[in-house]
Amino acid sequence: MRNTLIIAKRELNAYFATPVAWVFIVIFLLLQGTLTFSLGDFFDRNQADLLSFFQFLPWVFVLLVPAITMRLWAEERRLGTIELLLTLPISQTQAVVGKFLAAWVFCTLALVLTFPFVITVNVLGSPDNGMILAGYIGAVLIAGAFLSVGAAFSALTKNQVIAFVLGVAVCFVFAASSYPLVTDFLGRNAPNLVGLARGLSLVAHFENFTRGLIEARDLLFLASFIGFWLFVNTVILEHRKAA
C-alpha cells in the first residue's frame, strides 16, 4: 500500500508541475457551467436542482477524462522511463493502481470545485441535497470508470494523441450504449445484444445516482468495471515488459 501511495503522490505532483492541470480544471468548470446554466435551461425550468449538471457530466467526462489519462503510460514509454519504473521494487499492480489513484484524485478535485453550483441552487431554492450528494457520488465513480479505460489505452501506445483518441472512442461506446438510437439499431439487427448494451452502459448506471438511488448493483458494476480495466492495464504492461 505504501508503494502505491508513493506512486500516486508522484503522479499527482506531476499533474500540477505543468499548466495542464489548471487548464483542464478551467475548461471543465467553464464547460459544466455553460452546459448547466445556459444549454441546460436551468433558469427556464424554474426548478432548483442540478439535473442538467448531471445530464451533461458523463459527456464532458468522455471528452476530457482521456486527456487526463493519455500521458499516464504513453509519456513513460515515450521518454523511456517505463523500464526504470517497472524495475523498481514495486509490483506492476501497485504502479497501475498508484497512477490510477492519482488521476482519480485529480478528477475528484475538479468535481469538488463545482461546489459553487450546489450553493447556487440552494440560494435560489430548496433542492433535495440528498439527491445531489448521491449524484456526486455517482459522478466520482463514473469518473473512475472512464479513467480506468483511458489508463489502459495509454499503456497500449507511446503516442499520447492515439491514446486520447482511443480513450474517447471506447468511453463514448460505454456511455452511449443504452441510448435509444443504439438500442433500436440492435433491436432490429441483434436483439440478443440489447440487454447487454444497456447493462454495460455507464450512463444508465449513473442515472440511478442522479435520482438519489445508491443501489448495490450499480456500486458492484462500477467497482467491477474499474477493476477489469485496471487488470487489462496490468496485462498490457506485462506483455510489453515481456516483449
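Within segment 31-53, being of a type in the set (Asp, Glu) and outside any helix (DSSP H, G or I) holds for ASP41, ASP49. Checking each residue in segment 104-115 for being surrounded by 13 or more Cβ atoms within 10 Å (Cβ to Cβ) and over 12 Å from the mean Cα position of the chain (by Cα) picks out LEU109, LEU113, THR114.
Counting only residues that are in a helix (DSSP H, G or I), modelled with pLDDT of 80 or more and more than 27 Å from HIS239 (Cα to Cα), how many does segment 151-197 have? Steps first, answer last, please.
Quick first cut of segment 151-197, residues in a helix (DSSP H, G or I) only: 151-154, 160-176, 180-189, 191-197.
Add one more test, that the residue is modelled with pLDDT of 80 or more, and what stays is 151-154, 160-176.
Adding the requirement that they be more than 27 Å from HIS239 (Cα to Cα) leaves 175-176.
Selection size over segment 151-197: 2.
Among the conditions (1) aliphatic (A, V, I, L, M); (2) loosely packed, with under 15 Cβ neighbours inside 10 Å; (3) out of contact with any helix residue (DSSP H, G or I) (no Cβ under 7 Å at 6 or more places or on another chain), the only one that VAL173 does not satisfy is (2).
Residues checked against (1) at pLDDT 95 or above; (2) among the polar types (S, T, N, Q); (3) within 22 Å of GLY167 (Cβ to Cβ):
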{"site": "SER52", "(1), (2), (3)": "no, yes, no"}
{"site": "PHE56", "(1), (2), (3)": "no, no, yes"}
{"site": "ARG71", "(1), (2), (3)": "no, no, yes"}
{"site": "ARG77", "(1), (2), (3)": "no, no, yes"}
{"site": "PRO89", "(1), (2), (3)": "no, no, no"}
{"site": "PHE117", "(1), (2), (3)": "no, no, no"}
{"site": "PRO127", "(1), (2), (3)": "no, no, no"}
{"site": "ILE132", "(1), (2), (3)": "no, no, no"}
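Within segment 25-38, identify whether any single residue is in contact with a Gly (Cβ under 6 Å, 6 or more places away or on another chain) and of a type outside the set (A, V, I, L, M, F, W, C), and answer yes or no. No, segment 25-38 contains no residue that is in contact with a Gly (Cβ under 6 Å, 6 or more places away or on another chain) and of a type outside the set (A, V, I, L, M, F, W, C).
Can you find a residue in segment 160-173 that is touching a His at 6+ places or on another chain (Cβ under 8 Å), closer than 20 Å to LEU64 by Cβ and touching a residue at least 60 places away in the same chain (Cβ under 8 Å)? No, that holds for no residue. Checking each residue in segment 116-148 for being under 24 Å from ASP44 (Cβ atoms), more than 17 Å from the chain's Cα centre (by Cα) and part of a helix (DSSP H, G or I) picks out PRO116, PHE117, VAL118, ILE119, THR120, VAL121, ASN122, VAL123, LEU124, ASN129, MET131, ILE132.
From the list SER154, SER126, which one is touching a residue at least 12 places away in the same chain (Cβ under 8 Å), of a type in the set (S, T, N, Q) and crowded, with 18+ Cβ neighbours inside 10 Å? Write out each step before concluding.
On the way: SER126 fails: crowded, with 18+ Cβ neighbours inside 10 Å.
From the options SER154, SER126, the qualifying one is SER154.
Applying the criterion of being of a type outside the set (A, V, I, L, M, F, W, C) and surrounded by fewer than 17 Cβ atoms within 10 Å (Cβ to Cβ) to the residues of segment 129-150, the residue that is farthest from ILE236 (Cα to Cα) is ASN129.
With PHE231, PHE206, PHE225 as the choices, which residue is modelled with pLDDT of 90 or more and surrounded by 22 or more Cβ atoms within 10 Å (Cβ to Cβ)? Steps first, please.
Values: PHE231 fails: surrounded by 22 or more Cβ atoms within 10 Å (Cβ to Cβ); PHE225 fails: surrounded by 22 or more Cβ atoms within 10 Å (Cβ to Cβ).
Being modelled with pLDDT of 90 or more and surrounded by 22 or more Cβ atoms within 10 Å (Cβ to Cβ) holds for just one of PHE231, PHE206, PHE225, which is PHE206.
The values are calculated or read from the model by the stated rules, or taken from the named source; none is laboratory data. Since we're looking at a predicted model, the values are computed, not measured. Quick reminder, even Gly has a Cβ in these numbers, built from the backbone with ideal geometry, and neighbours come from all protein chains shown.
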